[in-house]
Each structure stands twice: as structure tokens, then as C-alpha cells.
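S.K.: Mind having a look at this structure? Questions to follow.
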Amino acid sequence: MITLTLFPDAFGEPSASPFCMKAWCMLKASGLPFDLNVTSDPRKSPKGKFPVIELDGTVIADSEQIRTHVEAISGKDFNEGLNAAERATSHAVIRMVEEHLYFAILMDRWGEDDNWAHVRRVFFSDFPWFLRAFVPAMARKQALQGLHGQGMGRQSADERFDRVERDITAIVDLLADKPFLFGDAPTAADYSVVPMLRAAIVTPEEKPLGRLIKSDATLMAYVTRGTDSLYPAGV
Ligand SMILES: N[C@@H](CCC(=O)N[C@@H](CS)C(=O)NCC(=O)O)C(=O)O
């Protein structure tokens, strides 16, 4: 049995982390038996991040490696039916949302004081009171240092929006009038894009990115369709 270790629910998402949701949805689609280990403390995980899966003593961290492993043991190809050019585009879209758009969402959550108040209350709610007194501020400082190093933390709010608006336009143009990014059925890119768009729109204090996504009826219909077909029941 596979165990998926992931962050707890937050803001209406079954897990606060879009990467954990990606791994969860992929495991669900694979048909492999799995259970969930929900925790807020990633410090002991191999890369200090979640998601992580464990199977027969083998620990696999990072949603990309998890996908590779799930494909290898289940025989499921998340890009079934895609030609080489579509697979290349899929790879580029996944990188765009996971290595760019994601950091703008982090800035909206951890960098903006109004959202930070929610993050502080929700993400640390299961910590003992004496840790709650100082861990949130430390975690925020660390997150903002990481965002500064990555570069998104050096962009003003307007510059950030200008960058992610281009990402959203690329997703909208790729989707066009199809049910999913590459046709009638979900493929690997949908497993990254749907949780990432959801993370942006469930962020409690609405920011220009969330507003932009919500203002596009076709994109919102895609998010709903993706949620219905990929997410665990009841979301
Ligand atoms: N490349 C990784 C990214 C995972 C990731 O960034 N996870 C975040 C949550 S969304 C995390 O664990 N952050 C904890 C930390 O950085 O301390 C993947 O695809 O799994």
C-alpha cells in the first residue's frame, strides 16, 4: 500500500498545497491503493517539502518523481495519446505553473499582510501554543527569503501581475474550446494546472491573479470540470 504524506486542508482545498493535490489526484487516477498521512511538518521529509510517497520502505519526494513512479508501477501514461510536440508543450506548461505561477501565489499568500493573517491562523492551527508564538513569524521570514532568492519576491505587485497574466493567457489560449488542455481527457498538465488555478482562487483575500481567473467563464468552467474529474469526491 502506498502512503501519500501531505499538508492538511486549507481554504476549502483538501490539501493547502497544489503539489500535494497533484500527487493525490494522480494516485487516485492510477487505481493504485493508497492512504493518506496528513501532517504540517515537512522537516523530516527527504527534501523538506511535501508531497512524499512511501511504498515498501522506498520514499519518493517531489510530485514529478511521484508521477514517474506511479506511471512505472501502475502502467498508466498520464500523457496517453499525446504526440511528441504535445508532450513537449505539456512539459513546458507544467514547468510554467510549478516554477513560476506558483511563486506568485506564494507571494499573494505569504507576502501580503491581509492573506498572511489567514495563513498564520490556518496553517499553524495544529501547532502547540508555545510553538505558535514564534514558528509562524520564522516560517514567514524563511518563505520570503526563499521568494527573494527565487526572484518573484523582488517584483512589485504590479510587475508580478503582469508576469502571471501572461501565464494565464497562455493557459487560456492552449485550452481554447477544448474540455481539457490537450483534448477531451485530462493529461499530465491538467493535474498541475487545475490545483494551481484552484490555489490562486481560494486564497482568502482576493488578489488580481485570483480576480483574473474568476473573470474568465471558460477558464472557471475548466477548473470546475477538472475538479469534478480529478479531485477526491466531495470537493
Ligand atoms: N517540486 C516540488 C515542490 C513541492 C513544494 O514546493 N511543496 C511545498 C508546499 S506547496 C512545501 O512543502 N513547502 C514547505 C517548505 O518549503 O518548507 C514538487 O513538485 O513536489
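Every read-out reported here was derived from the displayed coordinates using simple, explicitly stated rules and does not represent laboratory data. Because the structure is a prediction, the values reported are computed rather than measured. No Cβ is skipped: glycine too gets one built from the backbone with ideal geometry, and neighbour counts run over all protein chains shown.
S.K.: Which one of these does Asp177 not meet: (1) surrounded by 13 or more Cβ atoms within 10 Å (Cβ to Cβ); (2) not in a helix (DSSP H, G or I)?
M.R.: (1)
S.K.: Select from region 1-16 the residues that are touching an Asp or Glu at 6+ places or on another chain (Cβ under 8 Å) and without any contact (Cβ under 8 Å) to a residue 40 or more places away in the chain and list them in ascending order.
M.R.: Ser15
S.K.: Of the conditions (1) in a helix (DSSP H, G or I); (2) under 30 Å from Trp110 (Cα atoms); (3) touching a helix residue (DSSP H, G or I) at 6+ places or on another chain (Cβ under 6 Å), Trp24 fails just one. Which one is it?
M.R.: (3)
S.K.: Filter region 72-96 down to the residues that are of a type outside the set (A, V, I, L, M, F, W, C), part of a helix (DSSP H, G or I) and in contact (Cβ under 8 Å) with a residue 24 or more places away in the chain and list them by number.
M.R.: First pass over region 72-96, keeping only residues of a type outside the set (A, V, I, L, M, F, W, C): 74-77, 79-81, 83, 86-87, 89-91, 95.
Now narrow it down to the ones that are part of a helix (DSSP H, G or I): 74, 86-87, 89-91, 95.
Residues satisfying the conditions are Ser74, Glu86, Thr89, Ser90.
S.K.: Considering each of Ser15, Ser74, Ser30 in turn, give the residue that is surrounded by 12 or more Cβ atoms within 10 Å (Cβ to Cβ), among the hydroxyl-bearing types (Ser, Thr, Tyr) and near the ligand (Cβ under 9 Å from one of its atoms).
M.R.: Details: Ser74 fails: near the ligand (Cβ under 9 Å from one of its atoms); Ser30 fails: near the ligand (Cβ under 9 Å from one of its atoms).
Only one candidate qualifies: Ser15.
S.K.: Still on this model: Read through the list (1) small (Gly, Ala, Ser); (2) touching a helix residue (DSSP H, G or I) at 6+ places or on another chain (Cβ under 7 Å); (3) within 13 Å of the ligand (Cβ to nearest atom), then give the number of the only condition that Ser90 fails.
M.R.: Failing condition for Ser90: (3).
S.K.: Just give me the residues in region 180-207 being part of a helix (DSSP H, G or I) and among the aliphatic types (A, V, I, L, M), in sequence order.
M.R.: Going through region 180-207, the residues part of a helix (DSSP H, G or I) turn out to be 188-202.
Selection gives Ala188, Ala189, Val193, Val194, Met196, Leu197, Ala199, Ala200, Ile201, Val202.
S.K.: Select, from Trp110, Trp129, the only residue that is within 23 Å of Ser15 (Cβ to Cβ) and without any contact (Cβ under 8 Å) to a residue 60 or more places away in the chain.
M.R.: Numbers: Trp129 fails: within 23 Å of Ser15 (Cβ to Cβ).
Among Trp110, Trp129, only Trp110 is within 23 Å of Ser15 (Cβ to Cβ) and without any contact (Cβ under 8 Å) to a residue 60 or more places away in the chain.
S.K.: Looking at Leu106, is it among the hydrophobic types (A, V, I, L, M, F, W, C) and within 13 Å of the ligand (Cβ to nearest atom)?
M.R.: yes
S.K.: Now for a different question. Would you mind stating whether Ala188 is within 14 Å of the ligand (Cβ to nearest atom) and more than 17 Å from the chain's Cα centre (by Cα)? It would help to see each step written out before you state the result.
M.R.: Values: within 14 Å of the ligand (Cβ to nearest atom): yes; more than 17 Å from the chain's Cα centre (by Cα): no.
When the stated conditions are applied, Ala188 does not pass them.
S.K.: Kindly provide the set of residues from region 13-39 that are under 16 Å from the mean Cα position of the chain (by Cα) and polar (S, T, N, Q), ordered by number.
M.R.: Listed by number, the residues that qualify are Ser15, Ser17.
S.K.: Then there is this: The conditions are (1) surrounded by 13 or more Cβ atoms within 10 Å (Cβ to Cβ); (2) away from the ligand (no atom under 11 Å from the Cβ), and Asp62 fails exactly one of them. Which is it?
M.R.: Condition not satisfied by Asp62: (2).
S.K.: Look at region 33-59 and say how many of its residues are assigned to a loop (DSSP other than H, G, I, E, B) and more than 9 Å from the ligand (Cβ to nearest atom).
M.R.: Of all residues in region 33-59, those assigned to a loop (DSSP other than H, G, I, E, B) come to 33, 39-51, 56-57.
Those still in the list that are more than 9 Å from the ligand (Cβ to nearest atom) too: 33, 39-41, 44, 46, 56-57.
Count: 8.
S.K.: Based on what the data block shows, is Lys22 within 13 Å of the ligand (Cβ to nearest atom) and touching a strand residue (DSSP E or B) at 6+ places or on another chain (Cβ under 8 Å)?
M.R.: Values: within 13 Å of the ligand (Cβ to nearest atom): yes; touching a strand residue (DSSP E or B) at 6+ places or on another chain (Cβ under 8 Å): no.
The answer is no for Lys22.
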